[in-house]
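Down below is the structure, laid out as structure tokens.
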Amino acid sequence: MIINKIKKYSKSILIAVALVTTCQPLIPLQAQSKLPPNENLFFNKQDLQAPVTQLIIKYKDASKYRVATPIQFAREADWNTTPPMHQLLDSAVMELSQIAGVKLSHLREMSGDAHVLKFANSLPFKEAEALAKKIATHPDIALAEVDAIEKLYSQPEIVPNDTEFSQQWHLKKPTSTEFGINAVEAWDTTTGNANIVIAVVDSGILADHPDLKGHILPGYDFISDTRLSNDGDGRDANASDPGTWGTVLECLGNPNYPGYIRTSSWHGTHVAGSIGAASNNNQGVAGINTISKVQAVRVLGKCGVGYDSDIVDGMRWAGGLAVPGVPANNTPARVINLSLGGYSTICPDFYQGAVDELVAKNVVIVVASGNSTTEAKYQSPANCRGVISVGGSIFNGSLSTFSSWGDKSQITVSAPGGDENRGILSTSNNGKKGPGEYIYKSMLGTSMAAPQVAGIVSLMLSVKPTLTPARVAQLLQQTVSPFPSNESCGTLVGGPGIANAANAVNNAKNDSTKVFLPAQFYDFVIAEPRLVEAPPALARMNLAKKSLATTTIANGSFECRGALWKNYSKKGYYDMWTPLTGQNNSLKAQHGIMAALLGGHNDEIQAIGQDITISADNSNLVFYYIVGSAEGNNCNNDVATVRVNGSNVLFSLPLCGSTQSNTWTRKSISLAAYVGQTIDLEFRVTTNASQASALFIDNIALTAGP
């Protein structure tokens, strides 16, 4: 049935994808010690942002509500002029509970003078977000935001003397057919600097891997929830990876295979090897920087997920900032790699605050842009101001089909992330649950692209330690290898080009820029406000990609994702573009490998459109569509329409079982009535609150006749 095929590509109840292939929602752990049979750690199939159990708040007067130390508690008996700290905090949390209308408890203090509060029961993301906004109105509160769960961005895949170096295409000099990062020529200038540390904020690192031994500094495990940690305890100084394994129920929300285990990915170990594996040791692979040390900061546990609050604390600690209850980092990093993230239309304040403080300390933060096929500005922390956001490319220089996308304002630079044919080879392990034998494995994802850029950055700082994060980003963009000439999407979707290590290192070495203010970097990543409950008229669409009116449909086959299309979402879901490769008996795009996908969420309106000037030579609209629906024979709920200027409906199609198919249907619509006019052409899907439906659209064009 077509609905089973659509499940591989859609966005809500129509999705059953692997953990790290696309950016899907993650359900935080519940408050009880054991999950009831109907609970899971992972997918909420109706929402890109999952239900949450925790909030992050910050008081305007942080000192008043700071958690007391044991010594302070012991002295409280002598405090008779003001209430003790813990009583003040308990009273304040009780007051916030009354404002929110739900019970809240104080879980812990976190870095940046913030606090983590816990709901008694999990709440839908939108409801929790609304409560956070209510709490933020309290005059004592500086910020209140949901503490979501993020995930890793990778997917496992079927000149040095390192035995596997010949398979590391991504490190080699770019040619007309293979687009590596040219690390080999960068090594003629430097292979690293012992004073530079690169932190891998991830799932932990197996430091005894033969290609990593002696290259990994002591780190810290920041996972605070023991049900997520997979090592039986909470925070401690052991940042090794015990495995990210979990049951299918825990990781995928599927209760039908109770004995099936989702195996460990060894994600952090793979990332660490890409950056700093030993080289010229007659074994395995070569890392980009073989002199500088890598530090493990563990924030992702079971199923490869972790709380925002743990990730932010890990980031701060990695860069040498204080974290309550955690010893200071004696070897702070100059480069932080974050191969993780989740869907968010804005960079949350607690992430942005951490980034701002780290950038002020000259720490460079490299972030995977995500595997969501959405614009990178809808992925956090890749959309935070001041980070280096990395897109994923494949061996021929095209953007990976899974990669988040955008121009240079959203993607600082691209780097090889691999595809199903050629992945990124690095250090790993064959353990299904806990560690087994040390091996080398190919993986793919922007998780694999980001550490290559982090490695390049560490080489740049090795030759010019005084570079600021902003200057590093500028040099990376100025020294890229251009996309191949036959790649028409290129800079529309993958930033300015593919990172070139040799060019970047040489330019860094000779750089004479003395001052480069962080403010000049603010245009590299743009976060937009969330659009919620806005009117669905095309005129109110997100105009970030609005182009001048043309006489043709631009990017009508969506090979450049959503570039040159306006888009709108009632709930702020901009996951409207999907690869359809036809592999494994799945859907195949009508043209190329990409298509638009509208709907798939309950109670939602999604729309895309362009401004088109109609002439006699292009007065006929042609497009292809496929319907997928869980509505059965109820055809009165969900509908797809083609509109002109928002209100003129030219075509209406109910989305239900009777209109569902597994082949493309061609549709032709006359636009003769609009000859000589510039119109807003819109494709819209509206769904109700019950079973969701979706519409695939491809190969849109204007023709002279039907």
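What the table below lists for this structure:
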{"item": "Candidates E129, E76 - the one that is open to solvent by less than 50 Å² (accessible area, probe 1.4 Å), of a type in the set (D, E, K, R), at negative phi and modelled with pLDDT under 80", "result": "E76"}
{"item": "Flag if T191 is open to solvent by 30 Å² or more (accessible area, probe 1.4 Å), assigned to a loop (DSSP other than H, G, I, E, B) and under 29 Å from Y220 (Cα atoms)", "result": "yes"}
{"item": "Residues located in segment 617-640, provided they are surrounded by fewer than 17 Cβ atoms within 10 Å (Cβ to Cβ) and under 18 Å from L598 (Cα atoms)", "result": "N636"}
{"item": "Neighbours by Cβ (under 7 Å, 6+ apart or cross-chain): first from segment 460-487, acidic (D, E); second open to solvent by less than 10 Å² (accessible area, probe 1.4 Å) and outside any loop (DSSP other than H, G, I, E, B)", "result": "none"}
{"item": "Pick from segment 435-446, criterion out of contact with any Asp or Glu (no Cβ under 9 Å at 6 or more places or on another chain) and among the small types (G, A, S), ranking: modelled with the lowest pLDDT", "result": "G445"}
{"item": "Filtered residue count, segment 136-163, keeping only those that are at pLDDT below 75 and outside any strand (DSSP E or B)", "result": "5"}
{"item": "Residue match in segment 481-489 (condition: within 25 Å of A194 (Cβ to Cβ), surrounded by 19 or more Cβ atoms within 10 Å (Cβ to Cβ) and polar (S, T, N, Q))", "result": "no"}
{"item": "Unmet requirement for N645, which otherwise passes all of (1) surrounded by fewer than 22 Cβ atoms within 10 Å (Cβ to Cβ); (2) modelled with pLDDT of 95 or more; (3) under 19 Å from L564 (Cα atoms); (4) in contact with an Asp or Glu (Cβ under 9 Å, 6 or more places away or on another chain)", "result": "(2)"}
{"item": "For A470: the one exception among (1) closer than 22 Å to Q379 by Cα; (2) open to solvent by less than 10 Å² (accessible area, probe 1.4 Å); (3) within 21 Å of the chain's Cα centre (by Cα); (4) at pLDDT 90 or above", "result": "(3)"}
{"item": "Top-ranked residue in segment 672-706 [being over 37 Å from the mean Cα position of the chain (by Cα) and among the aliphatic types (A, V, I, L, M); ranked as nearest to G646 (Cα to Cα)]", "result": "A673"}
{"item": "Residue within segment 291-308 that is more than 19 Å from the chain's Cα centre (by Cα) and assigned to a loop (DSSP other than H, G, I, E, B) present", "result": "yes"}
{"item": "Selection count where residues are modelled with pLDDT of 90 or more and part of a strand (DSSP E or B), scope segment 579-593", "result": "1"}
{"item": "Qualifying position, being buried (at least 18 other Cβ atoms within 10 Å of the Cβ), over 36 Å from the mean Cα position of the chain (by Cα), farther than 16 Å from S557 by Cα and of a type in the set (V, I, T), among I669, I614", "result": "I614"}
{"item": "Where a residue in segment 168-192 is at negative phi and its partner, wherever it lies, is open to solvent by 20 Å² or more (accessible area, probe 1.4 Å) and small (G, A, S), with Cβ under 8 Å and at least six apart", "result": "T191/S279"}
{"item": "Residue in segment 402-413 that is surrounded by 22 or more Cβ atoms within 10 Å (Cβ to Cβ), modelled with pLDDT of 95 or more and in a strand (DSSP E or B) present", "result": "yes"}
{"item": "Condition broken by I288, with the remaining ones in (1) part of a loop (DSSP other than H, G, I, E, B); (2) in contact with a strand residue (DSSP E or B) (Cβ under 8 Å, 6 or more places away or on another chain); (3) on the phi < 0 side of the Ramachandran plot satisfied", "result": "(2)"}
{"item": "Segment 225-239, residues that are assigned to a helix (DSSP H, G or I) and small (G, A, S)", "result": "S229"}
{"item": "Cross-chain or 6+ apart pairs with Cβ under 9 Å, segment 240-262 first and at pLDDT 80 or above and assigned to a loop (DSSP other than H, G, I, E, B), then open to solvent by 60 Å² or more (accessible area, probe 1.4 Å) and not charged (D, E, K, R)", "result": "S240/P435; D241/P435; P242/G232; P242/P435; G243/T263; G243/P435; T244/T263; W245/T263"}
{"item": "In segment 672-689, the residues that are farther than 15 Å from N620 by Cα and loosely packed, with under 13 Cβ neighbours inside 10 Å", "result": "A689"}
{"item": "Given (1) loosely packed, with under 14 Cβ neighbours inside 10 Å; (2) at pLDDT 50 or above, index of the condition N507 fails", "result": "(1)"}
{"item": "Tabulated pairs, segment 98-112, first under 17 Å from L143 (Cβ atoms), second of a type in the set (D, E, K, R) and assigned to a strand (DSSP E or B), C-beta under 8 angstrom, 6+ apart or interchain", "result": "L104/K118; H106/K118; L107/K118; G112/K58"}
{"item": "Residue identified as outside any strand (DSSP E or B) and open to solvent by less than 20 Å² (accessible area, probe 1.4 Å) among G219, G180", "result": "G180"}
{"item": "Residue within segment 594-601 that is surrounded by fewer than 21 Cβ atoms within 10 Å (Cβ to Cβ) and either in a loop (DSSP other than H, G, I, E, B) or in contact with a strand residue (DSSP E or B) (Cβ under 6 Å, 6 or more places away or on another chain) (or both) present", "result": "no"}
{"item": "Index of the failed condition, N280 passing every other in (1) open to solvent by 10 Å² or more (accessible area, probe 1.4 Å); (2) closer than 30 Å to N567 by Cα; (3) polar (S, T, N, Q)", "result": "(2)"}
{"item": "Failed criterion for T491 (all others in (1) assigned to a helix (DSSP H, G or I); (2) in contact with a helix residue (DSSP H, G or I) (Cβ under 6 Å, 6 or more places away or on another chain); (3) modelled with pLDDT under 90 hold)", "result": "(2)"}
{"item": "Residue count for segment 313-370, restricted to those that are assigned to a loop (DSSP other than H, G, I, E, B), hydroxyl-bearing (S, T, Y), at pLDDT below 95 and open to solvent by 10 Å² or more (accessible area, probe 1.4 Å)", "result": "1"}
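The values are calculated or read from the model by the stated rules, or taken from the named source; none is laboratory data. Note that the structure is predicted; figures quoted are calculated from it, not measured. Here the Cβ is made from the backbone with ideal geometry for all residues, glycine too, and neighbour counts use every protein chain on show. Areas reflect the complete protein model, heavy atoms only, side chains present, ligands, DNA and RNA absent. Shrake-Rupley method; radii C 1.70, N 1.55, O 1.52, S 1.80 Å.
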